[in-house]
Amino acid sequence: MLQQLKPSDFPNQWEYEAWQRRNLKLLEAGLLLHPLLPLDKTDTAAQQLRQIIRGALEKPLETGKNNESMQALRSIALSLACRTFDGSVSETSHWADGFPLNLRIYQMLLEACFDVNDETSVIEEVDEVLELVKKTWVVLGMNQMLHDLCFLWILFNRYVVTGQVESDLLFAANNLLMEVEKDAKAMTDPDYSKIISSTLGTILGWAEKRLLAYHNYFHSDNTETMECVVSMVVLSAKIMVEDISHEYHRTRKEIDLARERVDNYIRSSLRVAFIMEKLKSSKRSSKNQQNQFPFLSILAQGVSTLAFSEKAIFSPLLKRWHPLAAGVAVATLHSCYGNELKQFVSGIGDLTPDILQVLRAADKLEKDLVQIAVENSVDSEDGGKSIIREMPPYEAESVISNLVKSWITTRLDRLKEWVDRNLQQEVWDPQTNKENFAPSAVEVLRIVDEALEAFFLLPISMHAVLLPDLTTGIDRCILHYISKAKSGCGSQSTFVPSMPVLTRCSTHSKFVGVFKRKEKFQIAQGRKSQVGTTNSNGSLGISQLCCRINTLQHFRIELDVLAKRATSHVRNSESAHLHNIADGMGKAFELSTTACVEGIKQLCEITAYKIVFYDLSHVLWDGLYVGEVSSSRIEPFLQELEQYLEVISLTVHYRVRTRVITEVMKASFDGLLLVLLAGGPPRAFHLQDYETIADDFKSLCDLFWSNGDGLPADLIQKFSTTVSAILPLFH
């Protein structure tokens, strides 16, 4: 060819020389650089050819027929091209079928299948062109397997360099790769192994870059392309590892190559997608400062959306190679978010709405992820246990529970402090408000109500479970208040006067339990009425006792209201259908309610005995029937007692008023019995005194009956039975 074309056949000398250099380099590549048969280092012909070509590249070669350099070039080239493996003379020249020159030349020929005006399209005459190209197999030492491999590379490379816009090129390459896989199983040629390893290695590098972060490259509109890429990766890896590397069969025979690789792609891409989701969530969190949601709460929503998107778009595609594709995806997301949540939880101090919002969002996300994993594992061999084991629980509910318990403890400690502080300042004055109960009760109940309201405003789903912790603590604090309210008021025995040295009652009398001997208590003589005042010896006045009674009654009413309100909250809460606690909320504040009932009973008895045996002792114990019965009758006692009853009627809550007056009546009857049976030396009774005493007793009963406006007659009769039974003894 060098002699066939002359400088006059080219537009100019420069193009002729460039053409000559290209042909000489082609000759050098086929005979010296990539010969079919390896060259001996001592081969003089190769050395001579190398010198001729080097000289021709520096100075254009004379191509005349009688040119000595041209004749030498022809002679040396033919001797090198006609070499054979056995040393015999061959009529066939091998100047273009050496590896990999032959492949490179063949690839250039295959490029003719594409339209020069549209790089992504093949020409209409592609079949005819391929038939022509295949006729070069003899010259280039090609075969069907090498053709498939070369055409695979041409199609793949054309798809990549043209911007990856024509998916048909990739699909065609994938189809050829399936043929290459069949060829590779039967091929043992080391040169073929080298070229296939190089080609598939390049394809693998390109494809894995995309699959390791497939969320950045693929979406719902190009899943077919992604499926093709995954197929090419799996086929390429299988050819390279299983069909080429015989070591694989001995060491990793049982491993599912496709599943292993796809598993790696899923985990890698989801980790990349999670990082991107973090960046987006951070921007969204800082975008609107006024209505800012916690970052991890926004991230949880984003991860949940990502998980469902993965399940809908990519998992069905990847399930072809990995049966638990969706499970692996959500397990990866669960781990990524779990690491963020762990750092967040380690820095939690006090309970705040933001913290609760994050933990609830984490709990919801975990439920979504686990649900996807379970649904994806229905048909798996182990039922998805392997995936679930990769998802250790966030235990958000446990963290929330501990935080709420800590919050409850803080609230209860604050309530205890308020109870003590208010009790220290309390003077039990009924005139401080129109309801006649202690102001401290208002404050304590206000704090209790605020605590309950704040508890039910917590955005949690476990109100019913944790409410008993709060109500039990409140119960203890109120019990403490009730105990303090009762303390310092004395008891019935505090106000009963000491028995005289000589008495008509024997030690076996049934009244001994009522009339206890008091050795240290002395009743002042001539004491005046002290209605509504605090006595000089520091004991409480009647109005203060009435205030305490009202306070306990107020607690009793309000605790019932709070318990009903708590029950209503529980039944309306998210967890009501999970916990049967609402039905038992009637027992809330049970100890305090019982203590209120018992405390009211005790205070009523104390109030009654204080009125009768202490405040009115000067007209009862010290005055009634002392000396002559007719001159020391019960009228003074009734007059002052009526004043006390009026104070009680105006002060005590209407629901316990009757009880207090009943206790005063019982104490009055006991006082009368004490005067009659244990009055001591100052008193002496005669038979003619019976009528007077009976009349006084009737006046006492009438005071409490009050013409039908007072206590019921049957109640008066019930508690006056003992006195009625004693009076006949004086007849």
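The figures follow:
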{"read-out": "Total residues in segment 432-464, condition under 20 Å from Tyr654 (Cβ atoms), loosely packed, with under 14 Cβ neighbours inside 10 Å and in contact (Cβ under 8 Å) with a residue 60 or more places away in the chain", "value": "0"}
{"read-out": "Single residue of Ala595, Ala667 found to be aliphatic (A, V, I, L, M), closer than 17 Å to Arg556 by Cβ, touching a residue at least 12 places away in the same chain (Cβ under 8 Å) and crowded, with 20+ Cβ neighbours inside 10 Å", "value": "Ala595"}
{"read-out": "Enumeration of residues in segment 673-731 that are touching a Phe, Trp or Tyr at 6+ places or on another chain (Cβ under 8 Å), exposed (fewer than 13 other Cβ atoms within 10 Å of the Cβ) and not aliphatic (A, V, I, L, M)", "value": "His731"}
{"read-out": "Output for segment 304-321, where each listed residue is touching a residue at least 40 places away in the same chain (Cβ under 8 Å), surrounded by 15 or more Cβ atoms within 10 Å (Cβ to Cβ), within 17 Å of Met226 (Cβ to Cβ) and of a type outside the set (A, V, I, L, M)", "value": "Glu310, Lys311, Phe314, Ser315, Trp321"}
{"read-out": "Residue within segment 70-85 that is over 27 Å from Gly141 (Cβ atoms) and at pLDDT below 75 present", "value": "no"}
{"read-out": "Top-ranked residue of segment 10-37 - restricted to ones that are loosely packed, with under 15 Cβ neighbours inside 10 Å, under 17 Å from Leu61 (Cβ atoms) and at pLDDT 85 or above, ranked as farthest from the chain's Cα centre (by Cα)", "value": "Gln13"}
{"read-out": "Tabulated pairs, segment 391-405, first under 18 Å from Ser335 (Cβ atoms), second among the small types (Gly, Ala, Ser), C-beta under 7 angstrom, 6+ apart or interchain", "value": "Met391/Ala331; Met391/Ala373; Tyr394/Gly338; Tyr394/Ala362; Ala396/Ala362"}
{"read-out": "Residue selected from segment 687-720 under the condition aromatic (Phe, Trp, Tyr) and in contact (Cβ under 8 Å) with a residue 24 or more places away in the chain, by the criterion nearest to Ser630 (Cα to Cα)", "value": "Tyr690"}
{"read-out": "Those residues of segment 208-224 which are in contact (Cβ under 8 Å) with a residue 12 or more places away in the chain, closer than 18 Å to Ala273 by Cβ and not in a loop (DSSP other than H, G, I, E, B), in sequence order", "value": "Glu208, Arg210, Leu211, Tyr214, His215, Asn216, Thr223"}
{"read-out": "Every residue from segment 327-383 that is of a type in the set (Lys, Arg) and in contact (Cβ under 8 Å) with a residue 40 or more places away in the chain", "value": "Arg360, Lys364"}
{"read-out": "Conditions (1) exposed (fewer than 14 other Cβ atoms within 10 Å of the Cβ); (2) of a type in the set (A, V, I, L, M, F, W, C); (3) within 16 Å of Val303 (Cα to Cα); number of the one not met by Val378", "value": "(3)"}
{"read-out": "Failed item in (1) modelled with pLDDT under 85; (2) within 14 Å of Leu27 (Cβ to Cβ); (3) not acidic (Asp, Glu), with Asn66 passing the rest", "value": "(2)"}
{"read-out": "Members of segment 27-68 that are in contact with a Leu (Cβ under 6 Å, 6 or more places away or on another chain) and either farther than 20 Å from Leu101 by Cα or not in a helix (DSSP H, G or I) (or both)", "value": "His34, Ala45, Ile52, Ala56, Thr63"}
{"read-out": "Counted residues, segment 303-346 - those being assigned to a loop (DSSP other than H, G, I, E, B) and aromatic (Phe, Trp, Tyr)", "value": "2"}
{"read-out": "Complete set of residues in segment 151-184 that are assigned to a helix (DSSP H, G or I) and more than 19 Å from Gly205 (Cβ to Cβ)", "value": "Phe151, Ser167, Asp168, Phe171, Ala172, Asn175, Met178, Glu179, Lys182, Asp183"}
{"read-out": "Conditions (1) assigned to a helix (DSSP H, G or I); (2) among the hydrophobic types (A, V, I, L, M, F, W, C); (3) buried (at least 16 other Cβ atoms within 10 Å of the Cβ): number failed by Phe99", "value": "(1)"}
{"read-out": "Restricting segment 650-700 to residues that are more than 22 Å from Ser632 (Cβ to Cβ) and of a type in the set (A, V, I, L, M, F, W, C), the residue that is farthest from the chain's Cα centre (by Cα)", "value": "Ile661"}
{"read-out": "Every pair of residues 6+ apart whose Cβ atoms lie under 7 Å, when the first sits in segment 627-650 and is assigned to a loop (DSSP other than H, G, I, E, B) while the second is hydrophobic (A, V, I, L, M, F, W, C)", "value": "Ser632/Leu624; Ser632/Val626; Ile634/Leu624; Ile634/Leu700"}
{"read-out": "Filter result (acidic (Asp, Glu) and either assigned to a helix (DSSP H, G or I) or touching a helix residue (DSSP H, G or I) at 6+ places or on another chain (Cβ under 7 Å) (or both)) within segment 693-730", "value": "Asp695, Asp696, Asp702, Asp714"}
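The values are calculated or read from the model by the stated rules, or taken from the named source; none is laboratory data. Quick caveat: nothing in here was measured; it's all calculated off a predicted structure. Backbone-built Cβ (ideal geometry, glycine too); neighbour counts: all protein chains shown.
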